[in-house]
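All remarks here apply to the structure that follows.
The values are calculated or read from the model by the stated rules, or taken from the named source; none is laboratory data. Owing to the predicted nature of the structure, the values given are computational and were not obtained by experimental measurement. Cβ: placed from backbone, ideal geometry, glycine included. Neighbour counts: every protein chain shown.
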Amino acid sequence: MSETHLSDTKFTDLAIHPDVLSGIASMGFEYCTPIQAMALPKALEGHDVSGQAQTGTGKTAAFLIACLDRLLRQEPKKSKLKNPIRALIVAPTRELAIQIMEDGKPLVANTNIRLALAYGGTDYEKQRAEIEAGIDVLIGTPGRIIDYLKQGVYSIDALEVIILDEADRMFDLGFITDIRFLFRKMPPPEDRLNMLFSATLSHRVSELAYEHMSEPQIVKIEAEITADRITQIAYMPSNEEKIPLLLGLVKRAEEQKCVVFVNTKHMAEKVEAWLLANDFKAALLSGDVPQKKREKILGKFKDAEITILVATDVAARGLHIPDVNFVVNFDLPGDAEDYVHRVGRTARAGASGTAISLICETYAMNIVAIEEFIEHTIPVEREIGDIIMTDPVKPDLSSLRSNRGKDKHKGKGKGSPARKVGMPSGPKEARADRSADAPARPRREKGNPNRPPKEERTVQEPTVSPEEREAAKLAALEKLKEQKPKPRRIPLRGRLGVEVPAIG
C-alpha cells in the first residue's frame, strides 16, 4: 500500500483524548489522511464540520475520533425522557452502518463508551434489547432508528453529537424527510456537535447543513479518480459483444478481486449466470438480497472465496472492501456522480487499481456527461478481438428470478385467455381427461326452480276495458291542470361566485 495518501500531520500532534489515541495506536495508524488533517482540528475545537470526501479517504475515522473525544471530555446532559443516548450516527445503507460499527470498536476499546447498531432486515428484537440496556452511541439507518425512537426505546432530547454520513445518498434514497424529523427531536444546533459528510456538497446538501448546523466549517477533499494510481480504460463493444468481452476481461484478471456494476437487477442476474456457467467465482449483490445473505456474500468477497461481485448501485457507496483490483462498468451509469462512486471501490487507501468501462449501444450517450463531470476524457481501446472469450458456455437464463414471472403471463392478451396450470385447455382435452367409468355429472336446470311448470301457469285476463283505461287517462290530465305550478328554483350565489341550489 502506498503512503502517498497520508498527510504530514500525526494523530499525536492533535488534542485527542488519550484513551482514543491508544485505540488509534492499536490500529497501527500514525499519520492522518488529508480529510482527517483538515476536519479533526476544527471538530476537536467544537466547530461543526460539513465535509466533502469520497469513501476510502478516512472520513469515518475522522468523525468517530471527534465524536468520542467530545463524549469523553464532557459530562452527559440530563434528560427528561427514558434512556437518552449521547451521539447518533446515521448512514444511508446497512452495510455502511455495519462498517462504521466495525471501525469504532477498536477506538472505544479503552473507554466505557458503548456502541450499538440499528438497521433493518434482521435482528429486530436483539437490536431493541441492546439499545434498551443502555448505550452511548447509536449507529444505524433512518428507518430502524426512527422506529425505535417512536416506540420510546431511546430518546435524543439530550443528544450531544449528530453525524450524517453520505448525506447526498440520503437524498437519493428518499431519507431526507426522516432526517429532518430526527433533527426536530434534537436539542438546538448550537447545543450539539454537528458533522455532515457527503461525496458532493450539492445545493440541497449545503441547504441541509446550513439549516440544521451552527456555522459549519467547510472541508473539501476532491475526488482522486484522475490520479495516476487509477488506470481508466474504455471499450466500445456492441450489445452482443458485452458479455463475451466481460468474460475475457475477468479471465485475464486471474483471480483478482473485481466489482462489476450494472444498472438493472435483471441484467445483474444475467451477468452472474454467465460468470457462474463459465466457472468464475461470482456472486450477486442487489437491493432485494436478504441482509444475512448480503453480509455472507461480502464476507466471502473480502476473504477472496468470491473474486467477482456483480452489483447494482446499492453497493456503489459506503462499502469498504480492501484490495479490489479493478472495477468494470458493464453498464455506464446514468448519473455522472455514480461513475465516481463506482470507480471509488478500487484504489482505496492509497492502493492502485483499474477502472474499465464498456461503452455499449444502449448507454453510449452517458459517457458525455461522465467525461464532463470528471473533466477529462477516458482513453478508448478499440481492439477487442483478442480479449473477447470465444464459445463461452451459455447458461439457462429461464431459471433467473426475474424471468420466472414471465411464464405466468404467457398466453394473456387478445384472443388467448390465461389458463390455470394443470387445467384442460378446451372441451377435447376435458373429454380426454375424463375417465370412461366416471359417473355423468347431472346438469343443472335453467331458470327458477321454484317457478311452476309452463302448463300449470294460468294467463290472467285483463279486467279493465279499453274505454275505461282511456277515461282514467283523461281524468288524470284534468287533475294535473288544476294543480298550481311549483315555484322555480333560483340558485344562490356564494361569496366566491359558486352557485348553490336553493333549499325547498
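For this structure, a couple of remarks:
- Test: residue in the range 35-56 that is at positive phi and in contact (Cβ under 8 Å) with a residue 24 or more places away in the chain: yes
- Meets criteria (closer than 22 Å to S214 by Cβ, crowded, with 22+ Cβ neighbours inside 10 Å and of a type outside the set (V, I, T)) for L182: no
- Among the residues examined, S22 qualifies as farther than 20 Å from I221 by Cβ, polar (S, T, N, Q), in a helix (DSSP H, G or I) and touching a residue at least 60 places away in the same chain (Cβ under 8 Å).
- Hey, L246 touching a strand residue (DSSP E or B) at 6+ places or on another chain (Cβ under 8 Å), surrounded by 19 or more Cβ atoms within 10 Å (Cβ to Cβ) and within 22 Å of F326 (Cα to Cα) or not: yes
- Scope the range 282-314; condition assigned to a loop (DSSP other than H, G, I, E, B), of a type in the set (D, E, K, R) and under 21 Å from K251 (Cα atoms); matching residues: D303, E305
- Of all residues in the range 65-106, those satisfying the criterion of being part of a helix (DSSP H, G or I) and farther than 30 Å from P290 by Cα are I65, A66, C67, L68, D69, R70, L71, L72, R73.
- Test for I146: is it within 23 Å of Q99 (Cβ to Cβ), among the β-branched types (V, I, T) and either assigned by TED's automatic domain parsing to the domain that holds E272 or not in a strand (DSSP E or B) (or both): yes
- In the range 145-175, residue modelled with the lowest pLDDT [restricted to those that are among the charged types (D, E, K, R) and more than 13 Å from R192 (Cβ to Cβ)]: D172
- In the range 315-339, the residues that are at pLDDT below 80 and either under 19 Å from A273 (Cα atoms) or assigned to a helix (DSSP H, G or I) (or both): A315, E337
- Which listed residue, of E240, E215, is of a type in the set (D, E), within 30 Å of I384 (Cα to Cα) and loosely packed, with under 15 Cβ neighbours inside 10 Å: E240
- Remark: A158 matches the filter, which requires a residue to be small (G, A, S), surrounded by fewer than 24 Cβ atoms within 10 Å (Cβ to Cβ) and in contact with a Ser or Thr (Cβ under 9 Å, 6 or more places away or on another chain).
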